[in-house]
Structures are given as C-alpha cells and as structure tokens.
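A quick write-up on the structure given underneath.
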C-alpha cells in the first residue's frame, strides 16, 4: 500500500510507520560524498547547490507573481527576504544521498508497517536540507 493512502486511513497507526520512515531516511542520509550529482555520475566541475536552490526558488516566485495576484503585491518583500536568507547560506563541503523526489507517493508500506522507498531514479548526492 502506498503512504498517501495510509495517511488518510484513521485506523492505521501512522506514528509507527512515520518512525520507520524516519529511520530509513536517516540511514539513506548517512551515505555521503564530497561531490554533487546523481548515482550515474557525479559532477566533476564546480556546482553550487546553493545557487541551484536559489534559482529554483526564484523560478517558483516568478510563477506565483505571474499567476496569483495577491502574491504579486508582496513581490519586493518576498524577493528581499529570499536574497537576505540566500546570503546567509554557507556552501556545503559534503553532500548526503537524498531521494530528491520525496513525497507520499514513492513510499510503500508493507503489512507490518515497514516502509520502502520506490521511484528512486532521481536519487542523488545533494544538500540534505533540500529534502
């Protein structure tokens, strides 16, 4: 059964399932590398996770500003806060293995409540905070 179905089932002990998932994620995140990249290759050249995340945030803001009028009024404030936070982030020197597409769908749960990650083709070494 997938995790999303279980989250809406009031008769399921989701606390123990979440604890099992937390432990599995801890084990995954203990796998480290000094390079960024997916499992097929790692980036030899310099790559900034910090800049990648900032660009993704800026792209999300641009989408919001274009499609949601109430947010547009906050554009200057949101961009200012985003930039201020960006300047405080320090680039990592070590990266953790992360799923990169984590959500309720790529988590399967067996009859005993043990969790299993699936759809891990996007897995990569990256900044752990991204997950």
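Of note:
- Check on residue 23, without any contact (Cβ under 8 Å) to a residue 12 or more places away in the chain, surrounded by fewer than 13 Cβ atoms within 10 Å (Cβ to Cβ) and either closer than 30 Å to residue 2 by Cβ or under 20 Å from the mean Cα position of the chain (by Cα) (or both): yes
- Residue selection: residue 55 satisfies the criterion of being modelled with pLDDT of 90 or more and either on the phi < 0 side of the Ramachandran plot or assigned to a helix (DSSP H, G or I) (or both).
- Residues within the range 118-131 that are under 20 Å from residue 20 (Cα atoms), in contact with a strand residue (DSSP E or B) (Cβ under 6 Å, 6 or more places away or on another chain) and surrounded by 15 or more Cβ atoms within 10 Å (Cβ to Cβ), tallied: 2
- Residue within the range 1-12 that is surrounded by 11 or more Cβ atoms within 10 Å (Cβ to Cβ) and assigned to a loop (DSSP other than H, G, I, E, B) present: yes
- Breaking point among (1) touching a helix residue (DSSP H, G or I) at 6+ places or on another chain (Cβ under 8 Å); (2) over 27 Å from residue 105 (Cβ atoms); (3) at pLDDT 90 or above, for residue 50: (3)
- Checking each residue in the range 71-116 for being in a strand (DSSP E or B) and crowded, with 16+ Cβ neighbours inside 10 Å picks out 95, 96, 97, 98, 107, 109, 115.
The values are calculated or read from the model by the stated rules, or taken from the named source; none is laboratory data. Since we're looking at a predicted model, the values are computed, not measured. Neighbour counts are summed over all protein chains in view; Cβ atoms, including those assigned to glycine, are modelled from backbone coordinates with ideal geometry.
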